[in-house]
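The values are calculated or read from the model by the stated rules, or taken from the named source; none is laboratory data. Remember, it's a predicted structure, so these values are computed and weren't measured experimentally. Methodologically, a virtual Cβ is constructed for each residue, glycine included, from the backbone with ideal geometry; neighbour enumeration extends over all protein chains shown.
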Amino acid sequence: MKRSLQITLLVLVTIGINGTFAQNKKPSRTKAEKPYVNPVKLTKEERTKPYMGEVLKSHDPLTPEEAERRRKNIEAGNPFKKYGYYPKVATLSKGKYLEFHDMDSIVSIGSIRYNKKTKDIVEFREIDLSDPDAQPYLDTAGRWFSPDPLSEEFSNWSPYNFVFNNPISNVDPDGRAPLTDFKLLRDGTVTRVDPNDGSEKRSDDRLFTTDNKGNVNNNNPLVLNKTNPTDNTIISDLSKDRGTTTDIYGPKKLNFATSGNLQNIFSVFEFAAQNSFVEWGVSIGYDGNNAIGTYHDPLLTPNLSDKIGGDSNLFVDIHSHRNTRGPSDFTVAGQKLGDKNSPDSSRIPRFIYYLGSPSENEGTLYKYGVGTMTPRKIDNYGDYKKKGSLYQYFRRYEKR
């Protein structure tokens, strides 16, 4: 009996001790985070910028120098500052590295900067389209500033054609179409700069001068516009191989072109006469048809009247002299030929466009014919130079 009481007492004491320990055991607690530290007093301006106070807080103490560095980095790196918008900012390494968020809040639409959150236009960007070296930036780089003016001209290639898929042979400096380039050699030959450049699809033709070796001079070409890219111009017609023609002078290579546009005829005539060493001729017809051509000879000019309907349609005749100031006079096969022996000028006005040596290019106009063996300047007709060009003088003969 006594032993049973001892065992019972031992059990009760053990339970009591365990209960006491259970009551005295403290509950576990989550470790409290360090409070944010703001060692820098915000300025009045910074207090109006919510992000500034947040960024300058840190779980770890910052020295005043570190806080100041963080402040300056934020101000310097904030791309939204000038728009009056302050996005959330994340920092690394105590403010040494910054990352701005919500950058899509402000988007670029053409030349406008737009804030999607506030629905405000925050900037109008100035793009100087007159500057040939201007470079569009951001999303404007791939935009057209206007519809392609030639978008319908090259449908067989694409609506937005570029150099006919051949950037090696073709050039496109103005974004419109490849250049149709011809060159004028010193012997009067007109030929393509590159026959395989596909530039016949361009809406104008350009004629460049060359040096004695045939090298192209890219300055100041003669340009003739076309209504359609497939149209010919006087320049392209002069480049066609016409073979040879035989007359009293023997076989000669003849290149010519005809056109009802007298202004273009004289533009090509002046350009070719001034930039080659051979004679060029122009025949003006009563019916408004005109011709220009060359024998590629420094002393001879072809008779072009047959290209405009014959002598009966010949209204005015002009040809260039490079070195001979007066009318030519020579004999071939017993026949007196040259300007001095031309038909009476009472019916057909005839003129010499005298250029002198290649270094002179003085471009003096003379009238000549039977009875006026010594050519005289056309002072009594008015100096064509005062009118600006040969065309301005000869337009009186143009069919109205």
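Here the strands (runs of 3 or more DSSP E) wholly within the stretch 215-304 that include at least 1 residues being exposed (fewer than 15 other Cβ atoms within 10 Å of the Cβ) are 216-225, 244-247, 250-253. Scanning the stretch 235-245 turns up at least one residue that is closer than 30 Å to ARG325 by Cβ and within 25 Å of the chain's Cα centre (by Cα).
Any idea which of TYR354, TYR366 is touching a His at 6+ places or on another chain (Cβ under 7 Å), of a type in the set (Phe, Trp, Tyr) and at pLDDT 65 or above? Step by step, each of TYR354, TYR366 is checked, and only TYR354 is touching a His at 6+ places or on another chain (Cβ under 7 Å), of a type in the set (Phe, Trp, Tyr) and at pLDDT 65 or above. In the stretch 185-199, the residues that are at pLDDT below 95 form Cβ pairs under 6 Å with partners that are charged (D, E, K, R), at six or more places apart or across chains, as follows: VAL193/ASP181; VAL193/LYS183.
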